[in-house]
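Notes follow once the structure below has been shown.
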Amino acid sequence: MRLKLQSGDASAASLSIFPSDLSEADFREGLSRLGAAVNIITTDGPAGRAGFTASAVCSVTDSPPTLVVPVDRSSSHYKAFVSNNVLCVNTLRPVHEQLSRLFGGNTPEGHRFAAATWKRRASGAPMLEGAAVAFDCRIVRISDIGNHSVLFCQVISIDRHEMTSGLIRFDRGHHRIYGIRRMAQHDRVLNWTPLATDNRRWDSADIERLRELAAADIPKIDIASALDRTSIAVEVQARKHGIKLKRPKRSHYSEKSGSGAD
C-alpha cells in the first residue's frame, strides 16, 4: 500500500518561489563536507528483497522513535521499499567498507546479500549481523520532494553491537571512527598505571575490538585510550592473541600523553 502525506508535500513548483543561483554541483560539494554515518538500507516482503547504501539518514523525533530515509524514485529498488512498507537501517562499522561499496554499485541484489550474514526482527527486513546499530522500522508516511521520496520510518526495535566503532562518509571518502568506552569513574585506569592495577577481565568482544583497532594501524596508546586500558595491558593481550601493533615513534607518545611514559 502506498502511503502519502495529505499535506505538506513539497513539489518542484512550490519550491520555485525561492529562486537561487546555487548550482547542483555546488550543493553536492557542500554536502561532501556534511559528514554522516554510512548505512545499508534493506527491505523484504511481497515486492521482494532490496538494499542500497545511504548516508542521508537522520532522526525526526524520539516520541515515537522515527527516522527519515530519502529514496530516489527512479532507482530500481524504489518499488520494493514503498510496497513492502518496512525497512532496516543498518549502520556500518569499519569492517564493512567493502560491503558499503557493494550495495552502492550495480551488483545484483542476490550477490549483495550473499556477501554478509543477515537476521530478521519484527519487520522481516534483513538486519546485518555485526552492524554498529540496526534500526528495524515500518514506513508510516511518504512525502515526495524533487526526484526523491522521503520515507518516515517508525523504529520498532534496535540491535546494537558491543563495540562502538563506525564508518563515516566525509569529503567523498570513507573514514573509520572508534568510540571511547563509557565506564564508571572507579573502573577507569590511566595509561601510565602499572599492569597489575588494570585487572579487569578481557572478553571476546575486547579482543575483537583490539584486533580491529590494530588492523586500522592505530597507535598503541590510542588503542589503550579507546579501550580504556593501560598500554602495557594492550601489548600483553596483543602478544597473547598474535595481534600486530603499530610501533609509533617515541615523540608520538610524548605528544599524545604529555610525557614519555608508556
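The values are calculated or read from the model by the stated rules, or taken from the named source; none is laboratory data. None of these values were measured; they are calculated from a predicted model. Cβ sites come from the backbone with ideal geometry, for glycine too, and all protein chains shown count toward neighbours.
Of note:
- Checking CYS137 against (1) in contact (Cβ under 8 Å) with a residue 40 or more places away in the chain; (2) in a helix (DSSP H, G or I); (3) out of contact with any helix residue (DSSP H, G or I) (no Cβ under 9 Å at 6 or more places or on another chain), the condition it does not meet: (2)
- For segment 82-110, the candidate set comprises residues that are within 13 Å of the chain's Cα centre (by Cα) and part of a loop (DSSP other than H, G, I, E, B); within that set, the residue that is surrounded by the fewest Cβ atoms within 10 Å (Cβ to Cβ) is ARG93.
- Scanning segment 40-54 for residues that are surrounded by 19 or more Cβ atoms within 10 Å (Cβ to Cβ) and not hydrophobic (A, V, I, L, M, F, W, C) gives THR42, THR43, ASP44, ARG49, GLY51, THR53.
- Number of residues in segment 52-75 that are among the β-branched types (Val, Ile, Thr) and either touching a helix residue (DSSP H, G or I) at 6+ places or on another chain (Cβ under 9 Å) or part of a loop (DSSP other than H, G, I, E, B) (or both): the value is 4.
- Count of segment 61-81 residues which are surrounded by 13 or more Cβ atoms within 10 Å (Cβ to Cβ) and either of a type in the set (Val, Ile, Thr) or closer than 15 Å to GLN154 by Cβ (or both): 7
- Note on segment 147-179: residues that are in contact with a Lys or Arg (Cβ under 9 Å, 6 or more places away or on another chain) and either outside any strand (DSSP E or B) or within 30 Å of ASP217 (Cα to Cα) (or both) total 16.
- Of the criteria (1) buried (at least 16 other Cβ atoms within 10 Å of the Cβ); (2) touching a helix residue (DSSP H, G or I) at 6+ places or on another chain (Cβ under 7 Å); (3) closer than 30 Å to SER74 by Cβ, which one ARG176 fails: (3)
- Considering residues of segment 162-179 that are of a type in the set (D, E, K, R) and over 10 Å from GLY35 (Cα atoms) only, the residue modelled with the highest pLDDT: ARG176
- Any hit, segment 125-133, residues being in contact with a helix residue (DSSP H, G or I) (Cβ under 7 Å, 6 or more places away or on another chain), assigned to a loop (DSSP other than H, G, I, E, B) and among the hydrophobic types (A, V, I, L, M, F, W, C): no
- Residue that is aliphatic (A, V, I, L, M) and under 26 Å from GLU162 (Cβ atoms), where the choices are VAL82, VAL69: VAL69
- Subset of segment 111-124 (residues that are under 17 Å from the mean Cα position of the chain (by Cα) and either surrounded by fewer than 17 Cβ atoms within 10 Å (Cβ to Cβ) or in a strand (DSSP E or B) (or both)): THR117, TRP118
- The requirement of being touching a Leu at 6+ places or on another chain (Cβ under 6 Å), modelled with pLDDT of 85 or more and part of a helix (DSSP H, G or I) is satisfied by ILE232.
- LEU92 touching a Leu at 6+ places or on another chain (Cβ under 6 Å) and outside the structural domain of GLU208 (by TED's automatic domain parsing): yes
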